[in-house]
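See structure below.
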Amino acid sequence: MYKIPANTLFVGKNLVFVPDCPSTNTLALQMSQQSPVKEGTLVITDNQTAGKGQRGNVWEAEPRQNLTFSLILKPGFLGINKQFYLNVVICLALKDYLKDKIPGTVYIKWPNDILVHEKKISGVLIENQLQGAVISNSIVGIGLNMNQKKFVSETATSVSIVTGEEQILSDELVLILSHIEARYLRLRAGEHNALMMEYLASLYRRHEKHEFTSDGKVFLGEILDLDEWGKLRIKIDDEVRAFGVKEVQYV
Ligand code: BTN
């Protein structure tokens, strides 16, 4: 029922659909470890029963209502110090897709949540395998809330809630994949700076004063930008500190 995209070179050309599975990221990883898998291979399910989120969280998605899929990429051109650029291109691709689709501004909440109207519509979990100083294999897991109407979390939303229209998952997937490939090719072409500028331009709460927590302490700070490793640089009083993903939370 999912279609192989006609307008991509490699992303989604090899499409593996499973009616249900615990996690498409786990399945994609197993596949890539068992035998050689083509770059751009897509693993997608209609019913992910134990979806993995960032920071060890669970990703919940009602069966057949949402897009839950993983892409296998082989960014051998990307040094490990540039890993964060995969987050950058995937978030920008999701933003590209959503901004054509829905009214209102689409924000990227560092590191890789996509927000609409202050609510999370999509999450990304990227799991990289390293070989020496480069990324040999990357499992890019994407959860995009499409037709689900009710969420356990009050801070979640979906495309159909925002647009008031039911979405045809297979058609939307084709659009998303072409955005992903376009952004990824720009990374492969070395457009790091331009991509980072676009990411920063969409960064949620950038240049605003808000509360954060770190090490159990609450503090007021202003997001400036990211450092070269993708850490979040926050201005706190007159000092600037860089935080890794597990080191800071938004309040
Ligand atoms: C997050 O925001 O916490 C990341 C969520 C990532 C969810 C996707 S759904 C498809 C893929 N398979 C998984 O187990 N997780 C990712």
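The values are calculated or read from the model by the stated rules, or taken from the named source; none is laboratory data. Treat the numbers as computed from the prediction; the structure is a model and nothing was measured. FYI the Cβ positions are ideal-geometry reconstructions off the backbone, even for glycines, and counts take in every protein chain you see. The accessibility values were calculated without ligands, DNA or RNA, using every heavy atom of the protein model including side chains. Shrake-Rupley method; radii C 1.70, N 1.55, O 1.52, S 1.80 Å.
Could you tell me how many of the residues in region 46-75 are β-branched (Val, Ile, Thr), more than 8 Å from the ligand (Cβ to nearest atom) and surrounded by 17 or more Cβ atoms within 10 Å (Cβ to Cβ)? Can you show your working first?
Here is the first cut: in region 46-75, the ones β-branched (Val, Ile, Thr) are 49, 58, 68, 72.
The next check asks that each one be more than 8 Å from the ligand (Cβ to nearest atom); those that pass are 49, 58, 72.
Now restrict to residues that are surrounded by 17 or more Cβ atoms within 10 Å (Cβ to Cβ): 72.
Total satisfying the criteria: 1.
Please tell me if residue 178 is on the phi < 0 side of the Ramachandran plot and more than 16 Å from the ligand (Cβ to nearest atom). Steps first, answer last, please.
Values: on the phi < 0 side of the Ramachandran plot: yes; more than 16 Å from the ligand (Cβ to nearest atom): yes.
Yes; evaluated as a whole, the condition is true for this residue.
Would region 197-215 turn up any residue that is in a helix (DSSP H, G or I) and open to solvent by less than 20 Å² (accessible area, probe 1.4 Å)?
yes
Have a look at 138, 153 and point out the one that is in a loop (DSSP other than H, G, I, E, B), within 16 Å of the ligand (Cβ to nearest atom), among the small types (Gly, Ala, Ser) and open to solvent by less than 70 Å² (accessible area, probe 1.4 Å).
None of the other options fit; the residue is 153.
Considering only region 87-110, state which residues are modelled with pLDDT under 95 and part of a loop (DSSP other than H, G, I, E, B).
102, 103, 104, 105
Testing residue 42 on (1) away from the ligand (no atom under 13 Å from the Cβ); (2) under 17 Å from residue 143 (Cβ atoms), one condition comes back false. Which one is that?
That leaves (1) as the condition not met.
With the structure loaded, tell me whether residue 161 is outside any loop (DSSP other than H, G, I, E, B), over 18 Å from the mean Cα position of the chain (by Cα) and assigned by TED's automatic domain parsing to the domain that holds residue 134 or whether it fails that test.
Yes, satisfied.
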